[in-house]
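A.B. asks: Once you've had a glance at the structure underneath, I'll fire off some questions.
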Amino acid sequence: MSYPTPPGWYPDAAAPGNERWWDGATWTAHTRPLATVPVPPGPGRGSGAGGRSVRTVALVAAGAVVVGAVVTGAVLLTGDGEASPTAHRSSGAPSRPAATGTDAAGGDAGPSPASSPAGEDPTVLVDQLNGITLPIPDGWERVEHPVEEMLTMRTADAEAYYCPGTSSALCHHGTVTTRTASGTDATTPEEIAEEDIDAAAKRAYDEDIIGRPLHGGIMSHRQIAAGPVTVAGRTGYQVRWRVVTGKGPGGYVQSLAFPSAVGSESPVVVRYAFDAGPDGPPLALMDTLTRGIRPLGDSETGGGVGSSVAP
């Protein structure tokens, strides 16, 4: 019995010394210098039947991801009556480059989730592996070297502040991250979003990645919205919480899950964390950003994408 090869980095037969990303269904354009940890053989590449076999010495990406199933139904997530703010839209996000085997920058350990190729539109956050782009709002910045392996954008560093309850950790009024879902047994966008929201809230308002307390910890939360939504032409699901913290105004957290726009359509998770109070971004910006998510290479700016799904 044969089994599908999980997504991961495998040696590039067309470019010795490099690895290329296999998304579970096809080879992508993403490469990096060859790693040094031996792993089982990866999928073959070549023009003949079955492709050429290659001896692999790559580091497999942690955790096989599951294919997101499509859910139906609808819920209208509003901005609590606030006017929708503006965010940049892609006016022609770059198409995926041809697989030349020279895509990785010299000296780089590989295409970091937050890497920004030269000439990339500064108003668009490009998630190459998941095949989507997100608009970067005015006054927000792309994080070039995030602590966690998540593609990240947030309010400008000039507006950062010491997190309530600690004098060693900086917080931002608004943060959005995107990543491929992994390490979960959940299979549908609804299950993934409902499972992820607790972790998203804790990371934003309870404790950071190195264990420093934030905002005096989470005292309570309430769910203010949840339901299916169309994202980049695919049906996903989002859950939104209002979080009350021990110190500071608390905030709003949202987990959005939907199938990737490329390859095996592995599930993608986008997390939103907005401070409450006058310094936080308007809550309606969450919906504006969701509507602005596009498949990579899609230059359309018209409606439909990200809008709530009719019953």
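Let's see how each residue does on (1) modelled with pLDDT under 95; (2) more than 14 Å from the chain's Cα centre (by Cα); (3) polar (S, T, N, Q):
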{"residue": "Val253", "(1), (2), (3)": "no, yes, no"}
{"residue": "Ser260", "(1), (2), (3)": "yes, no, yes"}
{"residue": "Pro281", "(1), (2), (3)": "no, yes, no"}
{"residue": "Asp287", "(1), (2), (3)": "no, yes, no"}
{"residue": "Glu300", "(1), (2), (3)": "yes, yes, no"}
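A.B. asks: Any residue that is crowded, with 19+ Cβ neighbours inside 10 Å and under 21 Å from the mean Cα position of the chain (by Cα) - is there at least one of those in segment 208-219? Give the derivation first.
C.D. replies: Start the filter on segment 208-219 by keeping residues that are crowded, with 19+ Cβ neighbours inside 10 Å, which leaves 208, 214-215, 218.
Next cut, under 21 Å from the mean Cα position of the chain (by Cα) only: 208.
Within segment 208-219, one or more residues are crowded, with 19+ Cβ neighbours inside 10 Å and under 21 Å from the mean Cα position of the chain (by Cα).
A.B. asks: Output the residues belonging to segment 206-225 that are in contact with a strand residue (DSSP E or B) (Cβ under 9 Å, 6 or more places away or on another chain) and β-branched (Val, Ile, Thr).
C.D. replies: Within segment 206-225, Ile218, Ile224 qualify.
A.B. asks: Then there is this: Kindly indicate which of Ala261, Ala257, Ala284 is out of contact with any helix residue (DSSP H, G or I) (no Cβ under 8 Å at 6 or more places or on another chain), crowded, with 22+ Cβ neighbours inside 10 Å and assigned by TED's automatic domain parsing to the domain that holds Glu190. Let's see the steps before the verdict.
C.D. replies: Values: Ala257 fails: out of contact with any helix residue (DSSP H, G or I) (no Cβ under 8 Å at 6 or more places or on another chain); Ala284 fails: crowded, with 22+ Cβ neighbours inside 10 Å.
Of Ala261, Ala257, Ala284, the one residue that is out of contact with any helix residue (DSSP H, G or I) (no Cβ under 8 Å at 6 or more places or on another chain), crowded, with 22+ Cβ neighbours inside 10 Å and assigned by TED's automatic domain parsing to the domain that holds Glu190 is Ala261.
A.B. asks: For segment 202-217, give me the residue count where each residue is of a type in the set (Ser, Thr, Tyr) and over 13 Å from Pro164 (Cα atoms). It would help to see each step written out before you state the result.
C.D. replies: Here is the first cut: in segment 202-217, the residues of a type in the set (Ser, Thr, Tyr) are 205.
Add one more test, that the residue is over 13 Å from Pro164 (Cα atoms), and what stays is none.
Total meeting the criteria: 0.
A.B. asks: If you go through segment 1-8 one residue at a time, do you hit one that is more than 27 Å from Pro267 (Cβ to Cβ), β-branched (Val, Ile, Thr) and either loosely packed, with under 10 Cβ neighbours inside 10 Å or modelled with pLDDT of 70 or more (or both)?
C.D. replies: As a first pass, look at segment 1-8 and keep what is more than 27 Å from Pro267 (Cβ to Cβ): none.
Checked segment 1-8: no residue is more than 27 Å from Pro267 (Cβ to Cβ), β-branched (Val, Ile, Thr) and either loosely packed, with under 10 Cβ neighbours inside 10 Å or modelled with pLDDT of 70 or more (or both).
Condition check ((1) over 20 Å from Tyr161 (Cβ atoms); (2) not in a helix (DSSP H, G or I)) across all residues:
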{"position": "Ile197", "(1), (2)": "yes, no"}
{"position": "Ala200", "(1), (2)": "yes, no"}
{"position": "Ser255", "(1), (2)": "yes, yes"}
{"position": "Val262", "(1), (2)": "yes, yes"}
{"position": "Val269", "(1), (2)": "yes, yes"}
{"position": "Pro281", "(1), (2)": "no, yes"}
{"position": "Leu289", "(1), (2)": "yes, no"}
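A.B. asks: So in segment 147-161, with the set limited to residues that are hydrophobic (A, V, I, L, M, F, W, C) and assigned to a strand (DSSP E or B), which one is farthest from Gly24 (Cα to Cα)?
C.D. replies: Going through segment 147-161, the residues hydrophobic (A, V, I, L, M, F, W, C) turn out to be 147, 150-151, 153, 156, 158, 160.
So of that shortlist, the ones also assigned to a strand (DSSP E or B) come out as 151, 153.
Working: Leu151: 20, Met153: 27 Å.
Ranking the candidates gives Met153 first.
A.B. asks: In segment 150-184, how many are within 21 Å of Leu289 (Cα to Cα) and out of contact with any Leu (no Cβ under 9 Å at 6 or more places or on another chain)?
C.D. replies: 9
A.B. asks: Could you please let me know if Tyr252 is free of Cβ contacts under 8 Å to residues at least 40 places away in the same chain, within 15 Å of Val176 (Cβ to Cβ) and either assigned by TED's automatic domain parsing to the domain that holds Met150 or not hydroxyl-bearing (Ser, Thr, Tyr) (or both)?
C.D. replies: yes
A.B. asks: Of everything in segment 162-190, what is farther than 25 Å from Leu283 by Cβ and in a helix (DSSP H, G or I)? Give them in sequence order. So that I can check it myself, show each step before the final result.
C.D. replies: We begin by selecting, within segment 162-190, every residue farther than 25 Å from Leu283 by Cβ; these are 166-168, 180, 182-188.
Passing the criteria: none in range.
A.B. asks: Ok, one more. Failed condition for Glu144, given (1) part of a loop (DSSP other than H, G, I, E, B); (2) of a type outside the set (Lys, Arg); (3) in contact with a Gly (Cβ under 7 Å, 6 or more places away or on another chain), with all others met?
C.D. replies: Unmet condition: (3).
The values are calculated or read from the model by the stated rules, or taken from the named source; none is laboratory data. Since the model is a prediction, treat every value here as computed from it, not as a measurement. For neighbour counting, all protein chains shown are included, and Cβ atoms are generated from backbone atoms with ideal geometry for every residue, glycine included.
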